[in-house]
Amino acid sequence: MITEEIFIANLKCGGCENTIKTKLGGLQGVNSVEVDHEKDLVTVTHTDETKRKDLTDLLHHLGYPEATEENGLLLQLKSYASCIVGRMTKD
């Protein structure tokens, strides 16, 4: 198993967390996803078949770029949409 720690931008609440856990957890080879709001950190445990780039590309697509990436208005808006979806689908 491989564990990746990815610091992200735009993490706001439990809705964001739910979306991130659901979407990353759906990738083949991903075993667990943890989200730390205080550190803006996503920790993913996965097999060799999943690559870090797959994880960061999906996070970017959802509006949660790595903290070192440029974070423009479009990504911020995407994160709000992902957050809303996460709130609506939260158990």
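What follows draws every value from the coordinates through simple rules; no lab data is involved. Predicted, not measured: the structure shown is a model, and the values here were computed from it.
Details
- Residue pairs, from the table Lys51/Lys78; Lys21/Lys78; Lys39/Lys78; Lys12/Lys53, whose Cα atoms sit over 19 Å apart: Lys51/Lys78; Lys39/Lys78; Lys12/Lys53
- Pairs of Cα atoms nearer than 8 Å and 6+ residues apart set the relative contact order; for the stretch 49-91 it is 30 percent.
- On full extension, the segment bounded by Met1 and Glu38 gains 10.8 nm, given 0.36 nm per residue less the C-alpha separation.
- Computed on the chain, with alpha-carbon pairs under 8 angstrom and 6+ residues apart, the relative contact order is 39 percent.
- In the chain, the DSSP-assigned H stretches of four residues or longer account for a calculated mean residue ellipticity at 222 nm of -14000 deg cm²/dmol, using -39500 (n - 2.57) per stretch and the full residue count as denominator.
- Between the helical axis of 14-25 and the longest alpha-carbon principal axis of the chain there is an angle of about 30 degrees.
- Legend: translational diffusion of the chain by Stokes-Einstein, Rh = Kirkwood radius over C-alpha pairs, 10 °C, 1.306 mPa s; D = 124 µm²/s.
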